[in-house]
1. Checking the conditions here, which among SER191, SER195 is in a loop (DSSP other than H, G, I, E, B) and more than 30 Å from LYS569 (Cβ to Cβ)?
2. Inside region 39-57, can you point out the residues that are over 19 Å from MET109 (Cα atoms) and surrounded by 15 or more Cβ atoms within 10 Å (Cβ to Cβ)?
3. Looking at ALA184, ALA162, which is the one that is open to solvent by less than 30 Å² (accessible area, probe 1.4 Å), in contact with a helix residue (DSSP H, G or I) (Cβ under 7 Å, 6 or more places away or on another chain), in a helix (DSSP H, G or I) and of a type in the set (Gly, Ala, Ser)?
4. Test of understanding: among GLU3, GLU31, GLU22, which residue is part of a loop (DSSP other than H, G, I, E, B), among the charged types (D, E, K, R) and either loosely packed, with under 15 Cβ neighbours inside 10 Å or at pLDDT 85 or above (or both)?
5. Any residue in region 379-402 that is open to solvent by 10 Å² or more (accessible area, probe 1.4 Å) and aliphatic (A, V, I, L, M) sitting within a Cβ distance under 6 Å of a residue that is part of a helix (DSSP H, G or I) and modelled with pLDDT of 90 or more? List the pairs, counting only those 6 or more apart or interchain.
6. Out of the residues in region 138-159 that are of a type in the set (Val, Ile, Thr) and buried (at least 20 other Cβ atoms within 10 Å of the Cβ), state the one that is modelled with the highest pLDDT.
7. Would you please list the contacts, defined by Cβ atoms under 7 Å and residues six or more apart or on different chains, that run from a residue in region 492-514 that is modelled with pLDDT of 85 or more to a residue that is in a loop (DSSP other than H, G, I, E, B) and open to solvent by 40 Å² or more (accessible area, probe 1.4 Å)?
8. Of the conditions (1) open to solvent by 70 Å² or more (accessible area, probe 1.4 Å); (2) within 33 Å of the chain's Cα centre (by Cα); (3) modelled with pLDDT of 85 or more, TYR269 fails just one. Which one is it?
Amino acid sequence: QNEEKWDFVLVSDIHEMGSEKEIKRKKFLDELSKKGFTIKKIEDTKLFYGVRAPQHIFWKYQCLLTNPNSRQQNSNASQDVPVTTRIRVVHFILQNTVTSDLEKLHDLMKKKVFEAAFPLHKKEEKRETLKKKWARWRVLFKKQPIEEIRCYFGEKVALYFAWLGWYTYLLIFAALAGLATVAAGATVFSSSQVSKEICEANNTIMCPLCDQNCSFWVLSDTCTYAKVTHMIDNEATVVFAMFMAIWATVFLELWKRERANVVTSWDLYGWDEEEEELALQLINNSQHEPRLYQHSYFRSTIVLILALLMIMVLIGIAHALVIYRAVAMALFTQSQVNLLSKHADIIAVMTGAVLHYITIVIMTKVNWHVALFLCDLEKPRTFSQRENNFTVKIFLFQFFTNFSSLIYIAFFLGRINGHPGHYVRIAGHWRLEECHPSGCITDLFIQMAVIMVLKQTISNIMEYLIPLISHQLRKKRKHPKKRSLMLGEEEEAEDPCKRQWLNNYELNEVNVFSLFNEYLEIVIQYSFTTIFVAAFPLAPLLALINNVIEIHMDAIKMMRLRRRMVPRKAKDIGIWLQVLEAIGILAVIGNGLVIAITSDFIPVQVYKYMYSPCRRENHTSMDCSTGYINNSLSVFHIQDFEPHTKVLPEFKGEQIKECRYRDYRNADDYTYTVQFWHIFAARLAFLILFEHVALCVKLIAAWYIPDVPQKVKNKILTEKHSHLRNEL
């Protein structure tokens, strides 16, 4: 069967004759006919218009944009235009055709004159190859057919999959390193001196965790928690954090090489987006004048102020989560239910993390609208410029949405809550949370684990199920009319195009941001895998599992559940590269801070080398961190409690005079001890050292790995040379 080739299909409701919508639709289609387009109409529950562009448009395009040095060979092959180019050119002309009422397709769609416009998934052999080799679950661990993706979806989509594949491949090394770190931690699970001391401290009496009716408690109650903490928080983590900082750099450097390889084989190395856009404008309208570059400091200032306000709101939401946890902690500890009061801290952290996930889901929608609004304020010149502006804003907002609560847990939790007898309170009533005696890093671990697992499982399931279900529903809605036709089949032979157009119309619609969403999701995930990875060494492993599934899920969505995307040219992943580089630098700072501030690594080292028994006597057999726990707890006299604190002074039948809390303060006037300042200085010194070493290693790695492989450079060199020789 010889199918007619149609580039695009426009869908519209059946409006009554002479209505405003019908007139507008006719005007638009007349404009297209004037440009030489062939239009075919098919009627069903909706009106379908097939659009085919005249050949001369593509000849113009080829003449304007062929490389001068490849023009000689290609003069005879001008009949053969790749499908992706056809679709891109026709899409541009459809979007920029103006009716006599000065309306474009975009405005007509807003006014419901047209409902949809899309290119078709055709039965080409490329499509069958992609379905077989790529868009199915069986080929989970096979190499992606990037070349075929490019021929079917265009360069931009192909580059996304090339990048995602490359990132996933390099995650294997990061995941292995993370597993090794956790394994190293598991070997010291019960042998670590610090957790041993916590488990044996059954007569160290700790100050109560809340103000009303909370009893004292014994340090050894938290034995398991301490063991888990030391599984994450040990010497191996420092090495791992260093490794991940270097990994992030190497990943980007190797990607630049990979990208150069891919783009050169597509002959896009010298391609210029601006030139392409101007050429399309001129083909559409030969009288077109270009829009000039503009920059207004006033607009930029307004946008900057609004963006900062939005970030303030997001930080405010993080504060609300902190308040929730403090209040929840107080309520859970006083609760009558034994399970709640016993594990109040862990339950508060877990519910806090789930709440955080919910705020992420809601705020993502809000951020989206705010970023679009700010973009419209800036009046960007071209589509790609608009996309770049939008990318930066949405990434900033998403970053604060996802990370502000983690930043609080990592760097502020337990550092700003005062000490017994002088607690910092919310609204003078609820105490802020404290860190666990074995360190704050487990809180960060739980929060990251909950968010990453929820984000990846729920988001992925939704991302796949919503298109699947809506596709099934659309199919159901369209079919009843068909059945009545089936009976009287003899009367009219069905148009072969009709079935194909209907099938395409039943798929889910794609918009400009379909690919953008995929990028954003992976980039946020990349931030989780690098920025606080010291607290959660399993992040790369989770990301790896997620990505292997993600690649094939995206493939199935694009091939089977969504209408065909309009192919776009691109020679790199655009501004996302700068975003990834920024995350790489944040990763060095973030991990440095986690080890210096959140983890107990520095206090233990300071104790070992300055205060431990090893300093006083030369015991080679002795573990130098012996006595660390006792040294890290300060003494508090019960009579100094605030007057409204109701504490039961009895504990296991004994009268209690003093209790211990985690801080370095003097027992008489509760000022900081000298050791506190020693540790503070050591933390700063470590931070500066770690960051400088890591940044130097990043710079060396960036210099050591050339951005463009030799092979590509030589290919371009010989092409230039042969072209000049021919000219001569």
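The values are calculated or read from the model by the stated rules, or taken from the named source; none is laboratory data. Keep in mind the model is a prediction, meaning the values are calculated, not measured. Cβ: placed from backbone, ideal geometry, glycine included. Neighbour counts: every protein chain shown. The protein model used for the area step is the full one, side chains on, heavy atoms only, and it has no ligands, DNA or RNA in it. Shrake-Rupley method; radii C 1.70, N 1.55, O 1.52, S 1.80 Å.
1. Only one candidate qualifies: SER191.
2. Hits for region 39-57 are LYS40, ILE42, ASP44, ARG52, ALA53, ILE57.
3. Details: ALA184 fails: open to solvent by less than 30 Å² (accessible area, probe 1.4 Å).
None of the other options fit; the residue is ALA162.
4. On the way: GLU31 fails: part of a loop (DSSP other than H, G, I, E, B); GLU22 fails: part of a loop (DSSP other than H, G, I, E, B).
Of GLU3, GLU31, GLU22, the one residue that is part of a loop (DSSP other than H, G, I, E, B), among the charged types (D, E, K, R) and either loosely packed, with under 15 Cβ neighbours inside 10 Å or at pLDDT 85 or above (or both) is GLU3.
5. none
6. So in region 138-159, the residues of a type in the set (Val, Ile, Thr) come out as 139, 146, 149, 157.
When the remaining residues are screened for being buried (at least 20 other Cβ atoms within 10 Å of the Cβ), the result is 149, 157.
Numbers: ILE149: 90, VAL157: 93.
Checked region 138-159; the qualifying residue modelled with the highest pLDDT is VAL157.
7. Between residues of region 492-514 that are modelled with pLDDT of 85 or more and residues that are in a loop (DSSP other than H, G, I, E, B) and open to solvent by 40 Å² or more (accessible area, probe 1.4 Å), there is no close pair.
8. (3)
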